[in-house]
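Participant: Okay, here's the structure, questions in a sec.
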Amino acid sequence: MTSKNALPSRVPFSATPPGETPEISAWAQHIVWTDRMLSTLLENKVRGGKWHTLIDKVYAPSNLYTAACKVTEKTKAAGVDGQSCEAFAEHLFVETRKLSEEIRTQSYRPSAVRRVDIPKLGRPTETRPLGIPTVRDRVVQKAIVSVIEPILDHQFHERSFGFRHGRGAHDALRIVEQKLQEGYVYVVDADLKGYFDDSERRLDEIAQRAYFGYPASSVDTEVSGSKDHGRTARVDTHCWCSARSCSFTGVVESVPQPTGSYDG
């Protein structure tokens, strides 16, 4: 009989064979990224380290159509315009053509983001704000991610695992366990508080790598709902970005074991 105080047996993460991390060329959207573009990216041959005039890749009908298919395959809440994913999907071709023309003629403007407060996991008395864009804005965001994700992913550290293709938390834990076995004993757990609160700074960082050729004028996007109704947020129309594509979880080099014994 096993004692109730006994620790359960643990299978080390190193016992799980790591999957092959896919190259960027394996997951980049080929309707956007040609072989020549990928070669230029991966061989670091971009002049000045910055991509220029990418907006035509964003408003390409095939890119927007593919993005719309991905967005509408999941049933999610509607934005401030009340249009559901199902309603958008019923007129997918017409809607994406309309978006393409609006972006091409520089008449596209994002709608207000509907805000709702949802309970925090494990903290039922606390809530966190959730912004719900319209379906058409989500489609544009997804189309932009298809263009800029390979550019940004190529800049990430090899030990950045969060929200990246073929990488996950188990890969990070595998590195931690590897370092423990090598004699490193200190683990630093750090969280960047409010990293995405300063959206203008994040956009400026992205703009250093990619320029869309869209006017750099700003538009005011209203955050609708809850106590922030009527508040406006500055949005630079030359560079939209999905925050999810830019966030990361990484493992930095560990601190070596100090001199002396360690009973671990």
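Participant: Can you name the condition, by its number, that Arg164 falls short on among (1) under 29 Å from Ala26 (Cα atoms); (2) open to solvent by 80 Å² or more (accessible area, probe 1.4 Å); (3) outside any helix (DSSP H, G or I)?
Facilitator: (2) is the only condition that Arg164 fails.
Participant: I've got another one for you. Being open to solvent by less than 30 Å² (accessible area, probe 1.4 Å), among the hydroxyl-bearing types (Ser, Thr, Tyr) and over 15 Å from Val135 (Cβ atoms) is the filter here; which residues of region 94-118 pass it?
Facilitator: Ser100
Participant: With the requirement that a residue be modelled with pLDDT of 95 or more and of a type in the set (Gly, Ala, Ser), what does region 61-81 give you?
Facilitator: Ser62, Ala67, Ala68
Participant: Would a scan of region 71-84 turn up a residue that is within 18 Å of Ala143 (Cβ to Cβ) and in a helix (DSSP H, G or I)?
Facilitator: Within region 71-84, one or more residues are within 18 Å of Ala143 (Cβ to Cβ) and in a helix (DSSP H, G or I).
Participant: Within region 21-39, how many residues turn out to be in a helix (DSSP H, G or I) and over 13 Å from Gly166 (Cα atoms)? Full working, then the answer.
Facilitator: Step one: filter region 21-39 for residues in a helix (DSSP H, G or I), giving 24-27, 35-39.
Checking which are over 13 Å from Gly166 (Cα atoms) leaves us with 35-39.
Going through region 21-39 one residue at a time, the tally reaches 5.
Participant: Within region 107-153, can you find the residues that are over 20 Å from the mean Cα position of the chain (by Cα), basic (Lys, Arg) and over 30 Å from Leu92 (Cα atoms)?
Facilitator: Once the filter is applied, which keeps residues that are over 20 Å from the mean Cα position of the chain (by Cα), basic (Lys, Arg) and over 30 Å from Leu92 (Cα atoms), region 107-153 yields Lys120, Arg123.
Participant: Looking at the structure I just gave you, is Ala67 surrounded by fewer than 19 Cβ atoms within 10 Å (Cβ to Cβ) and of a type in the set (A, V, I, L, M, F, W, C)?
Facilitator: Considered against the rule, which asks whether it is surrounded by fewer than 19 Cβ atoms within 10 Å (Cβ to Cβ) and of a type in the set (A, V, I, L, M, F, W, C), Ala67 comes out as no.
Participant: Only one of (1) of a type outside the set (A, V, I, L, M, F, W, C); (2) outside any loop (DSSP other than H, G, I, E, B); (3) in contact with a His (Cβ under 8 Å, 6 or more places away or on another chain) is not met by Glu101, so which one is it?
Facilitator: Of the numbered conditions (1) of a type outside the set (A, V, I, L, M, F, W, C); (2) outside any loop (DSSP other than H, G, I, E, B); (3) in contact with a His (Cβ under 8 Å, 6 or more places away or on another chain), the odd one out for Glu101 is (3).
Participant: OK, next. When only residues in region 41-58 that are β-branched (Val, Ile, Thr) and touching a helix residue (DSSP H, G or I) at 6+ places or on another chain (Cβ under 9 Å) count, which is surrounded by the most Cβ atoms within 10 Å (Cβ to Cβ)? Show your work before the answer.
Facilitator: Within region 41-58, the subset β-branched (Val, Ile, Thr) is 46, 53, 55, 58.
Checking which are touching a helix residue (DSSP H, G or I) at 6+ places or on another chain (Cβ under 9 Å) leaves us with 46, 55, 58.
Details: Val46: 16, Ile55: 18, Val58: 26.
Within region 41-58, the match that is surrounded by the most Cβ atoms within 10 Å (Cβ to Cβ) is Val58.
The values are calculated or read from the model by the stated rules, or taken from the named source; none is laboratory data. On a predicted model such as this, the values are computed, not experimentally measured, just so you know. Note that we place each Cβ from the backbone using ideal geometry, even for glycine, and neighbour counts take in every protein chain shown. The accessibility values were calculated without ligands, DNA or RNA, using every heavy atom of the protein model including side chains. Shrake-Rupley method; radii C 1.70, N 1.55, O 1.52, S 1.80 Å.
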